[in-house]
1. Where in the range 212-310 are there strands (runs of 3 or more DSSP E), lying wholly inside it, with at least 3 residues that are within 15 Å of the ligand (Cβ to nearest atom) and either in contact (Cβ under 8 Å) with a residue 60 or more places away in the chain or under 24 Å from the mean Cα position of the chain (by Cα) (or both)?
2. Do we have Gly486 as within 16 Å of the ligand (Cβ to nearest atom), at pLDDT 95 or above and within 34 Å of the chain's Cα centre (by Cα) here?
3. Restricting to the range 84-99, name every residue that is more than 13 Å from the ligand (Cβ to nearest atom) and of a type outside the set (S, T, N, Q).
4. Out of all the residues in the range 426-461, which are within 30 Å of Val85 (Cα to Cα) and of a type in the set (A, V, I, L, M)?
5. State the number of residues belonging to the range 617-638 that are in a loop (DSSP other than H, G, I, E, B) and farther than 24 Å from Met695 by Cα.
6. Only one of Leu618, Leu586, Leu669 is touching an Asp or Glu at 6+ places or on another chain (Cβ under 8 Å), in contact (Cβ under 8 Å) with a residue 12 or more places away in the chain and more than 18 Å from Asp720 (Cα to Cα). Can you tell me which?
7. Which of the residues spanning the range 179-211 are more than 16 Å from the ligand (Cβ to nearest atom) and assigned to a loop (DSSP other than H, G, I, E, B)?
8. Quick check, is Gln516 closer than 19 Å to Gly602 by Cβ and of a type in the set (S, T, N, Q)?
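The values are calculated or read from the model by the stated rules, or taken from the named source; none is laboratory data. Worth saying up front: this structure is predicted, and the values here are computed from it rather than measured. Virtual Cβ from ideal backbone geometry, glycine too; neighbours counted across all protein chains shown.
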Amino acid sequence: MAFRHFAIFAVILAKAEPEVCEEPHHLHLVQRQLQLLRAPSTRPWEEARAAAKSVASKLANEELYDLVRGSHFAWYGSPDPGYYVGNTPAIPRFRIPALKMQDAAQGFRATEVGTAGTTTSFPSMLALASTWDEDMVRLVASALGTEYKGKGANCILGPSINVHRAAAGGRNFEYLSGEDGHLGAKLTAAYVKGVQDQGIIATAKHFAFNEQETNRMSMDARMSERSQEELYYLPFRAAAEAGVGAVMCAYNKVNGTYACQNSEILTADLRGKMGFSGFVMSDWTAMHSKDALHAGLDQEQPGMIKKVPVVGEVGVLADSVIKTLDRSVVENAAVHVLTAIFRLRLDQDMGCTPPNCTQELMSDQTKATTRGERHEDIALRAATSSIVLLKNGNSLLPLDKGKVHRIAVVGNASADETHRTFVGKGSGFVQPDSSAKTPLQAIEEKAAKAGMQVLKPEGASVEEAASLAQSVDAVVVVVGTDASEGVDRSSLGLGDTSEAMIKAVAAHAPTIVLLQIPGAVLMPWREEVAAIACQFMGGVATGAAWASVLFGDAAPRGRLPVMMPETSADVIPVGQDEEVVYSEGLLTSYRSPTFRAAFPFGHGLAFTSFEYSGPHRLHKDCGVAVCVAVLVKNVGQRSGEELVQAYVHFPDPVGGDEAWIQATPDIMLKAFRRTKVLHPGESQTVRFDFSASDMKLFCSERGWVAQQKIEVRFGASSKDIRQTLATELAESE
Ligand code: GLC
């Protein structure tokens, strides 16, 4: 209310002469408020589309061609100097800027020679997923938008949002959804809004079913419509509803047809069912035929690759080919591209035009601020929030300087100056800048202030670590494993000598294992150690984030976005054949009736504990299909936040046959909400409002079918259900 009045006041004042405000301060505030009142960062889609159609009809054929194919790309990941990973030329007479696209979702990847470390290496998408925090995701995305703008770019090739299927997927660290479509939908919407608030086009990728790297350029993912609708499409639907400007179609085939020329998924599903209004670009060299423009592809990226050392020119839309297309087909694709450009108001800021973008590309963005906060602080807050405390025996954490006087810090990731396990590899790689601290450096700094002695090994041997363990009060083992685009992980183990080292030191001292990992890992040693925490590639602030939680400056607030399997049999393996059939349907991750978890999806400890009570239905002031609430109380000794997860079980699923019923998961995540920081003894009522669509199941014959009988299961994880509320969809007061 106050803002509204202030805004009116601001508008009234603005019409008056400046002398109305005696003190400059008021004038400054009025101008600040007026700035906020300025047109939003986006135009309405209808207005953008109308402008796009009008302009496209006036463009020459060659100008239309420039909008539907990339230009100036050298070879993989190395654009020409002064260019970006993806480029289209400017068309100044209509104030159409060059499209300047860069990877990727966790930071601006340095491709210009000499610019490594000039952007913030934010936590990976999976690390952001483990925050389960839409506000945090939106803040990081806004900061990314600031840095992309500073680098002269106007399109980010992210977020990557595929729902994980195979636990060993090489790009799982890059995928914001983790193993759940609802989690992905919520966080994707936040990310898209955060980036596009800054006037940068976001690109939801990879549409669709690029859930593994093995044979990624050719494999054929085959799945049911129900699997699409109730699981894998959810994040992309959310991106479309959030107004995402672009979608990148994937390399692989879907049900027999390449994704980038698959009218079923690009036109019927993405535009028809999800209401996507922007443009579809191909993944790099993922276009295979000019017919793709008839199926729903709008832009070939990177376009004709000229400098290909081996196979000569690569690409589809060479001049000789594109000229054979009807102008109407090319114009239709160009309209989609222009609609996104006008939607995001890119015409209002032409920015630099490649190759004259060297100054922007050489700029250092690591000192940038967003919403008044320094990016290095945002990166630290996000990495710290992403830390998932899996186990905390005897409440060993946070370290108590009254009890712990000497610690040893060992492990292959403890002092690794290359920061190999801070960031995943491939097109999403962002080199941490010089402010990065190794976990050992960060721990030594905090330990010194706490008067705690830190011992560190000379070498990396298991024997030396075990020897140190015999003379300290606790051992911190920092270990990690990495992953890369283009190849799936060969195992879910930690590799190296890490497992041997963990077991060796745990035999001599209370052991705290800190994992820097790209996704699910096996932990056969978990019973032998006192505490375990994980970061899913936390970026530049990984080391500092560990120290912050270890010494209690911050409480752990992360939750697992993937399940940690008991054994390698408790995951879906990577498909090794050209055809990969998603025969498990929806029954992946925690939805599987057979997979056993060492640590379940949604699990994560705080430094205190909570009790849930009094689940009940709300009817008054509900306003949606189903409103429920549960009381959460902090029954521990320290303050903390609880992340309440609401899973829905349908006790009597209706819509399909017996096989369809068997294929319906026992529970599905439908909402999550974090309490405020609760002090010991403090309680909070947590409310969940479910829409009618939340209470539906999909079957291909009947579409979405409303379910009458519902059970809401309130949990601290998918396996730690605290309260259950049985109700009926149509239940009246
Ligand atoms: C890659 C990736 C895609 C990336 C693009 C440009 O092959 O699949 O995510 O944005 O090429 O580097």
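1. 246-249, 279-282
2. Judged against the criteria, Gly486 is a match.
3. Narrowing the range 84-99 to residues more than 13 Å from the ligand (Cβ to nearest atom): 88-99.
Selection gives Pro89, Ala90, Ile91, Pro92, Arg93, Phe94, Arg95, Ile96, Pro97, Ala98, Leu99.
4. Result: Val430, Ala436.
5. Selection size over the range 617-638: 4.
6. It is Leu586.
7. Answer for the range 179-211, where residues must be more than 16 Å from the ligand (Cβ to nearest atom) and assigned to a loop (DSSP other than H, G, I, E, B): Glu179, Asp180, Asp197, Gln198, Gly199.
8. For Gln516, the condition - closer than 19 Å to Gly602 by Cβ and of a type in the set (S, T, N, Q) - is not met.
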